[in-house]
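Structure, as structure tokens:
FYI, it's all coordinate maths here, none of it is from the lab. It should be emphasised that the depicted structure is a prediction, and the values quoted were computed from it without experimental measurement. Here Cβ is always computed from backbone atoms with ideal geometry, including for glycine, and neighbour counts include all displayed protein chains.
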Amino acid sequence: MGSNPYGWSGRILWADLSRGEFREWRYPGEMARLFIGGRGFAAKILWEFLEPGADPLGPRNLFIAAVGPITGLPGPNTGKLVVAAKSPLTGGYGDGNIGSWAAVQLRAAGWDAIVVEGAAEKPSILVVEDDKAWLEPAEDLWGLDTFQAYDRLVERYGRDAGILLIGPAGENLVRFATVVAQKGRSGGRPGLGAVMGSKRLKAIVVRGSRRPEVFDRDALMKAASEAIRAVRQSPSYGFWMRQGTMATVEWAQEASVLPAYNFREGVFEGYRGISGSYMEKIEVDLRSCPLCVMPCGHVIEDEEGRRVELDYENVAMLGSNLGISRLEEAAVLNRLADLYGLDTISLGGTLGYALEAAERGKLELDAGWGETRKIAGLVQDIALRRGVGDLLAEGSARASRKIGETWYAMHVKGLEVSAYDCHAAPGMALAYATSPIGAHHKDAWLIAWEVQHGRMEYSREKVRKLIELQRLRGGLFETAVACRFPVVETGIDPEYFIRLLRAATGLDITMEYMNEVADRVYALIRMIWVREHGGWSIEMDMPPERWFREPLTKGPLKGAKLDRDRFLEMLRMYYEERGWAPNGVPLPETLRRLGLEDAVPLAEKHAQRG
Ligand code: PTT
Ligand code: SF4
């Protein structure tokens, strides 16, 4: 960090693919202090260097891969990195958090981030080895699915290389194409794979030979081993190791939040067939991200006998949400998404919308609820942009506008909602509405708390809880960059991660400090959205219309739906608590308090105080 040699290398690799030029950017030390890393760096770089109004699929968009000060160090689950860019799906800020050897290798190569601008003339691979970077041809890989391409890359660069790659969906600019890190690890929901595709970048391969400098290795090792012990001794560790995120299926059914038939219902008659308990019986392997101490990649054989790594979101969005009640069938769709490099959540949301539109006679489609084989054909059509797949490759928001029925397109700001129905969960609906990338649960999984705390209430207490979670999950874990599951799933104290940060950097970092970093990053991301959309309105922060319009017709919460006026009241409370204007734009004084003076003129233009 400028004058601080610990925790950060102080260097960012800037790769211009149009010119084939690579340079080192020694960024100001203050950037590390104010933004820490990962998402914080991505937001700062996009704010400062992205040309306003740049086409997300044009050469001027910036693709960023960023680690943080604790990435790759000893400690629980530190093998993660953030990928970010202007999103082709939402037109705003987009990011994702991926488990990958590329995270570990990027640190070992001595870079805090890679920024890719421009576009290569031909399909290429960006190779980074310690201080050196260059492009290699990838014509032989273009068109290959992610599993085949991954194997070829491992053959070419070795098993220990850090790899980020795209599949045919990214190449074909499907707006919800992801970046793939290893077979069955995929991230960057808001179309980060399409951004790589638009730059004709099939893969990034990284390898380094250095050990990151840390301020106090003894303190680091002590905090790391205590944290790892706390994970393993946690009462929930055993059950987690058996089911991982798949345990959520049964929980969601009980809580009436399991999406069914394009979020028409929160319960699904066939839930047992896609549950974690069933998965346990047929599991064949367990995989993980690098440096993980609580692996969650449960693998089964799908209907066609191929191995697939499952997660709750994938199974709910490609199972119950499409009327599919056999895990092996949902797994086929999950595998296709991984092979092509499509986001499972947006895929499930877009397919759900399409099946419903077809049922209502608004779209011609040769597939219906639960018809896995036909739906699998549609997945291929989307990835290859064939026939109706070309329309669906645009995502549910654009497709629904074209079809002319938007109220049951389940998205916020263009990003499809993850797998929690919110007819009876106003707080979770607010979490989706205010997530900095569109409707993703990763910044605030309020639902587990909400079902136990005045579920149908629209209270300030809920708003405050939401912000608390956004600070922890969207702040600490996205900027220090580590997996949040040790804290949110085995319940260990987040202070362990603060200790790791202190030991790595030598700075007097506290939880309060990281909360302020989180607020700064949130405010700056919001300003990126305001700039890219030429202003802001409360409508941009509204959950899907369906949850207000149509009540649940089944389950223990039959009759429940959201109340628009009360939701709006809660949204206003949220803006107040954050120091944002009533139209959702951060107030100039809030930006000044957070050290974001350069965003003040834009806020003065767009924040409406009354
Ligand atoms: C994540 C989103 C999720 S969230 C899931 S399942 W989850 C889906 N997984 C997909 C997949 O698989 N294949 C595919 N083709 N598309 C997919 N889309 C969906 O992407 C993931 C884990 C999970 S599994 C979660 S909750 C946690 N997320 C974390 C986060 O966001 N931040 C953080 N600091 N730690 C996290 N730990 C957990 O990581 P996105 P991954 Mg993912 C096959 O990337 O864009 O954030 O979207 O990356 O390495 O697979 O880890 O029930
Ligand atoms: Fe990766 Fe799961 Fe381990 Fe987190 S808990 S690091 S997502 S394998």
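Side notes on the structure shown:
- Helix-only [θ]222 nm of the chain, DSSP H runs n ≥ 4, -39500 (n - 2.57) each, per residue, nearest 500: -11500 deg cm²/dmol
- In this structure the amide hydrogen of TRP580, modeled in the peptide plane, comes within under 5 Å of the amide hydrogens of LEU587, none closer than 5 places in sequence on its chain.
- Residue-by-residue Karplus 3J(HN,Hα) for the stretch 241-253, coefficients 6.51, -1.76, 1.60, Hz, glycine and proline x: 5, 7, 10, x, 5, 5, 4, 5, 4, 5, 4, 5, 4
- Span from the the stretch 435-508 Cα centroid across to the the stretch 295-371 one, whole angstrom: 28 Å
- Relative contact order computed over the stretch 1-81 (Cα-Cα under 8 Å; 6+ residues apart), in percent: 23 percent
- Charge tally for SER277 (other residues, Cβ to Cβ under 12 Å; Lys, Arg +1; Asp, Glu -1): 0.
- Length-normalised contact order for the chain - Cα pairs under 8 Å, 6+ apart - percent: 15 percent
- Principal axis dimensions, the stretch 245-418 - Cα atoms, whole angstrom, descending: 47, 34, 28
- Cross-link table LYS442/LYS554; LYS183/LYS402; LYS44/LYS402; LYS183/LYS374, entries beyond 31 Å C-alpha to C-alpha: LYS183/LYS402; LYS44/LYS402
- For the chain, the spread of Cα positions along the three principal axes, ordered from largest to smallest, is 61, 57, 50 Å.
- Shown here for the stretch 324-392: trypsin sites (Lys or Arg not before Pro) in loop regions (DSSP other than H, G, I, E, B) with at most 11 other Cβ atoms within 10 Å, namely ARG360.
- Taking a ≥ b ≥ c as the square roots of the eigenvalues of the Cα gyration tensor, the stretch 474-556 is classed as oblate, since a/c reaches at least 1.5 and a/b does not exceed b/c.
- Among the chymotrypsin sites (Phe, Trp or Tyr not before Pro) found in the stretch 401-491, those both in a DSSP coil and sparsely packed, with 15 or fewer other Cβ atoms within 10 Å of their Cβ, are TRP407.
- Phi-derived couplings, Karplus 6.51 cos²θ - 1.76 cosθ + 1.60 at θ = phi - 60°, listed residue by residue for the stretch 344-353: 5, 6, 5, 4, x, x, 6, 5, x, 4 Hz, with x used for Gly and Pro.
- Taking 22 Å as the straight-line reach from the Cα of LYS222, the lysines in range (excluding those fewer than 8 positions away in the same chain) are LYS80.
- Normalised by residue number, the volume inside the convex hull of the Cα atoms of the stretch 72-151 is 142 Å³ per residue.
- 10 Å beta-carbon shell around PHE35, net charge (K/R +1, D/E -1): +3
- Listed peptides 34-46, 587-599, 75-87 appear in the order 75-87, 34-46, 587-599 once ranked by packing, highest mean of other Cβ atoms within 10 Å at the front.
- Set of the stretch 405-434 residues, backbone N closer than 14 Å to the point 7 Å along the Cα-Cβ line of GLU550: 405-411, 422-423
- Scaled against the 2.2 N^0.38 Å expected of a compact globular protein of N residues, the Cα radius of gyration of the stretch 360-514 reads 1.34.
- Rounded to two decimals, the Cα-based Rg/Rh of the stretch 11-207, with Kirkwood Rh, is 0.93.
- Converting phi to 3J(HN,Hα) with the Karplus coefficients 6.51, -1.76 and 1.60 and the offset θ = phi - 60°, the stretch 114-121 yields 10, 10, 10, 10, x, 8, 6, 5 Hz in sequence order, with x at every glycine or proline.
- Sequence-distant contacts, meaning Cα pairs under 8 Å at least 6 residues apart, place the relative contact order of the stretch 245-418 at 18 percent.
- Label reach from GLU213 (point 7 Å along Cα→C-beta): in the stretch 2-42, amide nitrogens under 14 Å belong to 2-11, 29.
- Projecting label points 7 angstrom from Cα along Cα→Cβ for ARG593 and GLU576 puts them 1.4 nm apart.
- For GLY341, net neighbour charge (Lys/Arg +1, Asp/Glu -1) across residues whose Cβ lies under 11 Å away: -3
- Relative exposure of ARG200, ARG217, judged by other C-beta atoms within 10 Å (fewest first): ARG217, ARG200
- Stretchable slack from GLN148 to ARG26, in nm (0.36 nm times residue separation minus alpha-carbon distance): 40.2 nm
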